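All remarks here apply to the structure that follows.
No lab work stands behind these numbers, since they all come straight from the coordinates. Everything numeric here is computed off the predicted structure, so don't read it as measured data. As a convention, Cβ positions derive from the backbone with ideal geometry for all residues, glycine included, and neighbour counts pool all protein chains shown.
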């Protein structure tokens, strides 16, 4: 079946846009974003990441810079999430954008395709088998969407 | 929803508990002078082989209706990207099972797998008498089965005296196990199957082994086996009990 991009977009807009602004979706998105970021901040920051996402630490720096507790209040620069008119505005803007994405996810009932994309690694099982029988498949997925699905 | 004999992926359910339960039950059965046969089964096709209808049923059972669509999309849209050495990158579309890296994969698999095991318990119930533990609170718990992820440890109480009769019962039990789990897309790894017979009386264990070999049975009748990282054998349990 041939998919015409414009028609598909028009169909999706017609299907999901009339839902309009719904405070329930906003509330859900806000809760999911907060819980996901808290969970990411509390968990291990993996060094490895697939090419379609940034490492957890970099992601947290940009979206939730106060994840690393410090002994004093940072008023400017990296980590200043409450300093109005400075770098903090940009971080809050990132959070708002992400919240809008989650709001749309709840509204449409659809997750981005990258949420279901996994980078596979074949490692030796050590059982002496040849081919796939002797290999184990490890998956590396996007941490944000993985934690999002845990919290559902 | 989660039976007491399942010991993985859930809060408070640990590997050590699974090992301890079998040791305690073995000690009790030894004190009661019961003849038992212990099966340690591993699976060859497990996480990645669960059939999609089962996964969807589990998703409906465990997840809110409004969120079930997210997991259905994961089942349908999942893509695994592989980059082998010396070859071009290619994408694989899994047609069954769960991604091991996915957070919900283990719980979904466990719930589906438990349904298969429960089916096996029902179908094999007439072959061997059940071994139940009486909780001080009055509840009765199944004491003969311990499941940790896809590894099962089954202790069967033996009533048959003749080794041939016992062997026939064991064949039937194994056949029912295979059939019950084949419905879900799973397959037993027979290379790793260990059977630890604990029959009272001199030489009965060896006689059973000899009869099985004579019958062409390829199971490994061993005096001890590794269960979840620990070594399980009768003498250890007896010495700990004493």
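Subtracting the Cα-Cα distance of residue B:168 and residue B:210 from 0.36 nm times their residue separation leaves 13.7 nm of extension gain.
Taking the centroid of alpha carbons for each part, the range B:1-71 and the range A:93-144 are 25 Å apart.
Note on residue A:108 and residue A:136: their simple-model spin labels are 3.7 nm apart, each label 7 Å out from Cα toward Cβ. Could you tell me the relative contact order of the range B:95-168? Use alpha-carbon pairs under 8 Å, at least six residues apart, and round to a whole percent. 20 percent. As an exercise, use a Förster radius of 45 Å and the Cβ-Cβ distance of residue B:202 and residue B:179 to find the FRET efficiency, rounded to the nearest 0.05. Taking R0 as 45 Å, the efficiency between residue B:202 and residue B:179 is 0.80. Between residue B:132 and residue B:95, the modelled labels are 4.4 nm apart [label points 7 Å from Cα along Cα→Cβ].
GNM remark for chain B: springs join alpha carbons under 10 Å apart, and the peak mean-square fluctuation among B:22, B:169, B:139 falls on B:139.
Find the relative contact order for chain B and round it to a whole percent, using C-alpha pairs within less than 8 Å whose residues are 6+ positions apart. Numbers along the way, then the final one.
On the way: 339 pairs, mean separation 75.3, N = 242.
Relative contact order for chain B comes out at 31 percent.
Remark: spin-label model distance residue B:83-residue B:66 equals 3.9 nm, labels positioned 7 Å along the Cα→Cβ axis. Within 10 Å of the Cβ of each residue in B:88-98, the mean number of Cβ atoms contributed by other protein chains is 1. With springs connecting C-alpha atoms under 10 Å apart, model chain B as a Gaussian network and identify which of B:201, B:138, B:97 has the largest mean-square fluctuation. Between B:201, B:138, B:97, it is B:138 that shows the largest mean-square fluctuation.
Report the calculated FRET efficiency for residue B:57 and residue A:8 (r = Cβ-Cβ distance, R0 = 45 Å), to the nearest 0.05.
Details: r = 30 Å, r/R0 = 0.67.
Computed FRET efficiency for residue B:57 and residue A:8: 0.90.
Taking chain B as a Gaussian network of alpha-carbon nodes connected by springs under 10 Å, the highest mean-square fluctuation of the residues B:181, B:133, B:40 belongs to B:133.
Take the Cβ atoms of residue A:99 and residue A:45, set R0 to 30 Å, and the FRET efficiency comes out at 0.85.
Neighbour counts of other C-beta atoms within 10 Å: give me A:107, B:200, B:155 arranged from fewest to most. Walk me through the numbers before you get to the answer.
Numbers: A:107 19, B:200 12, B:155 22.
Ascending number of Cβ neighbours within 10 Å: B:200, A:107, B:155.
Averaged over peptide A:105-114, the number of partner chain Cβ atoms lying within 10 Å of each residue's Cβ comes to 3. Report note on the peptides A:119-130, B:28-39: ranked by the mean count of other C-beta atoms within 10 Å, highest first, their order is B:28-39, A:119-130.
Other protein chain C-beta atoms within 10 Å of residue C-beta, averaged over A:140-148: 3.
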